[in-house]
Structures are given as structure tokens and as C-alpha cells.
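Each remark here refers to the structure printed beneath this line.
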């Protein structure tokens, strides 16, 4: 079956990063903050087989952890503040960074799954 919604990899990933359906670029990808919708309202693409899993969370931990630890080290070397200052600065930065990074990483993962694996893959025995 020919797909009328054929786009290049960069465009598909761009649709994903904007929170749009990776096939048509029109329908939304999320309901709420992180809940993936069942079907695209514009083209009907089912997202049941597109599970981001823990990949986005692991990537966020690595990116955010590297950044926060590096910046905390710089703050410590330059100013040597008391520990309560580190807690007051880095706890909110970590929470805000987690919220800011998780959704785009999840969007990118779902778009990459759409682009690099078959959408109509049969479910394997055992449900996996």
C-alpha cells in the first residue's frame, strides 16, 4: 500500500520535535504533558506500536546530569558556596530541566521509531 504521506528523515524528526504526527505533520502527538494519543486525528496513524519506553528518560538523565554536575562543579570552584546554596540552586534547575527535556526527547523517539521501523509490525507472541 502506497503511503501518500512520504517525507524525508529530517522532516519526520522535525514533525516529532514539534509534537506533531510524524506521518502527516498535522495531528498532535500528545494528550496532556506526556500521554501519547492512540491515533492521529488528521491521518489516523495508530501510535499503539510506538512506545518510547525508558529511552527518553535515560537520555535526559545523561544530558541533564552532565550539565548540572558540570555547572555545580564550576560554581563550587569559583565561589565555594555553602551546601544549602547548591541545594537551593540545583534542585529547581534539575526539576525544571527534567520537565523541559522529557517531552521533546519522547517526541523525537516516537518520530524516529516511525521513520526507522515498520509501523505495521506484527505483535510477537507474548505481547512483545
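Nothing in this text is a laboratory measurement; each read-out follows from the coordinates by a stated rule. Worth saying up front: this structure is predicted, and the values here are computed from it rather than measured. Counting neighbours? That spans all protein chains shown, and the Cβs are built from the backbone with ideal geometry, glycine included.
For residue 7 and residue 49, compute 0.36 nm times the residue count separating them, minus their Cα-Cα distance, and round to one decimal in nm. Provide the component values of the computation, followed by the final result.
Working: separation 42, 0.36 × 42 = 15.12 nm, distance 1.99 nm.
Separation in residues times 0.36 nm, less the Cα-Cα distance, equals 13.1 nm.
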Any idea what angle helix 83-116 forms with the longest principal axis of the chain, computed on alpha-carbon atoms, 0 to 90 degrees, nearest 10? 20
Provide 30, 116, 47 in ascending order of the number of other Cβ atoms located within 10 Å of each residue's Cβ, fewest first. 116, 30, 47
Here the gain from full extension of residue 77 to residue 18, 0.36 nm per residue of separation minus their alpha-carbon distance, amounts to 17.4 nm
Expected 222 nm ellipticity per residue - DSSP helices of 4 or more, -39500 (n - 2.57), all of the chain, to 500: -18500 deg cm²/dmol
Only one of the listed values, [x] 38, 15, 13; [y] 27, 15, 13; [z] 40, 21, 10, was derived from the coordinates as semi-axes √(5λ) of the Cα gyration tensor in Å; which label is it? [x]
The chain: angle of helix 55-79 to the longest principal axis, Cα-based, in degrees nearest 10: 20
Estimated inter-spin distance, residue 89 and residue 69, nm [label 7 Å along Cα→Cβ]: 1.8
